[in-house]
1. May I ask for the Rg/Rh ratio of the range 96-162, computed from Cα atoms with Rh as the Kirkwood radius, given to two decimals?
2. Can you tell me what share of the DSSP beta bridges in the range 8-139 is antiparallel? A percent to the nearest 5 is fine.
3. Can you check what the Kirkwood hydrodynamic radius comes to for the range 142-284, Cα pairs only, in Å to one decimal?
4. Quick one: grab the alpha carbon gyration tensor of the range 97-221, order the square roots of its eigenvalues as a ≥ b ≥ c, and give me rounded if a/c is under 1.5, else prolate or oblate depending on whether a/b is larger than b/c.
5. Along the three principal axes, how long is the chain when you take its alpha carbons, biggest first, rounded to the nearest angstrom?
6. How about the range 90-166: which GluC sites (Glu not before Pro) there are in a DSSP loop, with at most 16 other Cβ atoms within 10 Å of their Cβ?
7. Considering only the other residues whose Cβ falls under 13 Å of the Cβ of GLY176, what net charge follows from Lys and Arg at +1 and Asp and Glu at -1?
8. Counting Lys and Arg as +1 and Asp and Glu as -1, what is the net charge of the other residues whose Cβ lies under 11 Å from the Cβ of ARG206?
Amino acid sequence: IAMSHAVRSPASTFAIHELSMNDRRAVDAALAEALEGAQQRDELTVLYQPIVDLASGRVVAAEALLRWRHPLHGAISPSAFIPVAERSGEIVGIGRWVLEQAIQQVAAWREAGADLTVTVNVSPRQLQEPHLAREVLGALERAGVPARNLIVEVTESAMVEEAVEVAALRRLRSAGVRIAIDDFGTGYSSLQYLTRLPVDVLKIDRGFVARLDGTGEGAAIAEAVIRLAQILRLTTVAEGIETDVQAAELLALGSERGQGYLYSRPVPPEEVAALVERQRDLAA
Ligand code: C2E
Ligand code: MG
Ligand code: MG
Ligand code: MG
């Protein structure tokens, strides 16, 4: 433990990265245990962050983002508990539930007249499940949702470092589900895999969007990803857009879609519907 930190920071803001290896294991184990059955106890919810067409500002899709509210400790960030759930295997059941929720939600939006696409984060551990593709296609069928209304997101680092089981992705894709590579540009990968893997969408990592300041100076990586996508005929979605300047620069560079606090934070599904409704009223 870094003493200087421990002294300066109040106990409540004690950061996990300041813990020793043993403490970290203990936190991991405690989190894993607390997470067991969290879904059955109604501690999990799914929020949705709108994804807009950058040129028109219209909402075209929404990303499902998991939230966990522990009865004593309150909201726990996905970046803290998702890795734990991956290691414990708990992500398989939770991920199945998120997919089911998202698919039912897209059916509800469509019934309300909003033909949105939903995009869902899927961990490598889920792709190892032999029945994943069959389950997802079954859920779409039961909900009456076309496969084109679902995008599955897998992080670039998962694709590369864990050599994910691509069979499930191929099956989903041949049924019409689209595949996105999340956090693209952070995986230190060779680009060769892009031509081998079933991919439709590249999500430009928030870190590269944050560098866009309107001067063009920080634009190298974002521009390279967008060009690459254009050559490979993939769609790009820019993550973490917070300013008008970033949105304008991304649009000028040729990115089609984006998401970020500039447009909306992750919100309950009714708020996505309300946003679509307001845009429809404005257009009418
Ligand atoms: P991600 O898939 O890259 O999701 C984008 C993250 O960026 C979300 O964090 C979102 O709330 C945040 N974000 C969006 N716009 C902005 C912005 O303008 N500024 C800033 N600073 N942040 C923004 P969140 O919800 O905390 O999720 C973190 C990560 O946890 C996700 O990153 C994803 O990798 C993982 N995750 C979330 N839900 C699920 C899930 O259901 N299953 C799996 N396997 N992973 C999930
Ligand atoms: Mg994502
Ligand atoms: Mg991302
Ligand atoms: Mg991420």
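1. Details: Rg = 12.6 Å, Rh = 12.5 Å.
That ratio equals 1.01.
2. Details: 12 of 16 bridges.
Within the range 8-139, antiparallel bridges account for around 75 percent of the total.
3. Working: mean 1/r = 0.0607 Å⁻¹.
Hydrodynamic radius (Kirkwood, Cα only) of the range 142-284 equals 16.5 Å.
4. Details: a/c = 2.55, a/b = 1.41, b/c = 1.81.
Cα axes put the range 97-221 in the oblate bin.
5. Sorted largest first, the three principal extents are 55, 49, 43 Å.
6. Details: sites: GLU90, GLU100, GLU111, GLU135, GLU141, GLU153, GLU156, GLU161, GLU162, GLU165; in loops: GLU90, GLU162, GLU165.
When the GluC sites (Glu not before Pro) of the range 90-166 are filtered for loop state and at most 16 Cβ neighbours within 10 Å, GLU162, GLU165 remain.
7. +3
8. Net charge in that neighbourhood comes out at -3.
Where a number appears in this text, it was derived from the coordinates with a stated rule and is not lab data. What you see is a predicted model; the values in this text were computed from it and never measured. Glycine also receives a Cβ, built like all others from the backbone with ideal geometry; neighbour counts cover every protein chain displayed.
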